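*Asks:* Dropping the structure in here first, questions after.
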Amino acid sequence: MSTPPLCRPLAILALSAIFSLASLDARAAVTAHLDDSGIVIDNGDGAKFTIAFPVFVNKTRAKAKIAEKSVTERKATVKYEGGGQLEIEVGADEVILKPTGAPADTEFVYSIMRIDTAYAGGKWTIGATQGDFPATKPPGNLFQGNATGIVMTNPAGRTTALGLPANTYEQLQDGRIWDGNYFQWQFWALAKPGTDRIVMKLADHPIAAPVAVAKPAPSEPVSTPSNSA
């Protein structure tokens, strides 16, 4: 039996929708692995972001220096001058940071990630704040404040989301301000003595809820760390 002429356009549209959904399902997930440069996030669509190996930050906002590190694709141990170490484990949809032996005045675990200017024209979301990755350099910071991670969407609509515990202090800057060719995201996650782990979630869509894993749970918003370009 042949398809009636008026039904053919509808059948074509239905098939097109099915193939589109299949293509989305086949799209690679956001994943992570480790190398000597840090935590590498792969958005499954050709873009990669490297989060530098995190370091401890104390009450004076001084950053610890890395003394040595041992790195495999899924696990790393980072040791710091002045004491303490961070175990990093990469899972299917998360990266777990486990601090041990950190100095008593440790307050945060800090890291930084660059975002290629190919994202100019795309969008970002941090907490309740949304904005565009600007085509030309802005006069100041794009964002600074407490939130739960970042969502980045490139001009083609591909989304990469990194979720962090509540009250993580974040800063998003345009590196072109100081003649760089990148955007720059930084975070300071609470890591006071007693914190047994900090979890970063990975997704290709906005993460609905904060990742509440750091202990002890923060009771007040994080005070603003000093600017770090």
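*Asks:* Which pairs in the list 59/123; 48/98; 75/137; 79/123 are over 29 Å apart, alpha-carbon to alpha-carbon?
*Replies:* Result: 59/123; 75/137; 79/123 exceed 29 Å.
*Asks:* Shifting gears a bit: Taking 0.36 nm per residue of separation and subtracting the Cα-Cα distance, what length does fully extending residue 93 through residue 118 add?
*Replies:* Between residue 93 and residue 118, full extension yields an extra 6.5 nm.
*Asks:* A further question on this structure: Enter the per residue convex hull volume of region 28-203, computed from alpha-carbon coordinates, in Å³ rounded to the nearest integer. Before the final figure, lay out each step's value.
*Replies:* Working: hull volume 19.8 nm³, N = 176.
In region 28-203, the Cα hull volume divided by residue count equals 112 Å³.
*Asks:* In region 157-196, which residues have a backbone nitrogen under 12 Å from the label point lying 7 Å from residue 137's Cα in the Cα-to-Cβ direction?
*Replies:* 174-183, by backbone N distance to the label point.
*Asks:* Pairs of alpha-carbon atoms within less than 8 angstrom and 6+ residues apart define the contacts here; what relative contact order does region 28-203 have, in percent? Don't skip to the end; give the middle numbers.
*Replies:* Values: 445 pairs, mean separation 36.5, N = 176.
Computed over region 28-203, the figure is 21 percent.
Throughout, read-outs are computed from the coordinates displayed, never taken from laboratory work. Because the structure is a prediction, the values reported are computed rather than measured. With ideal geometry, Cβ positions are generated from the backbone for all residues, glycine too; neighbour counts draw on all protein chains shown.
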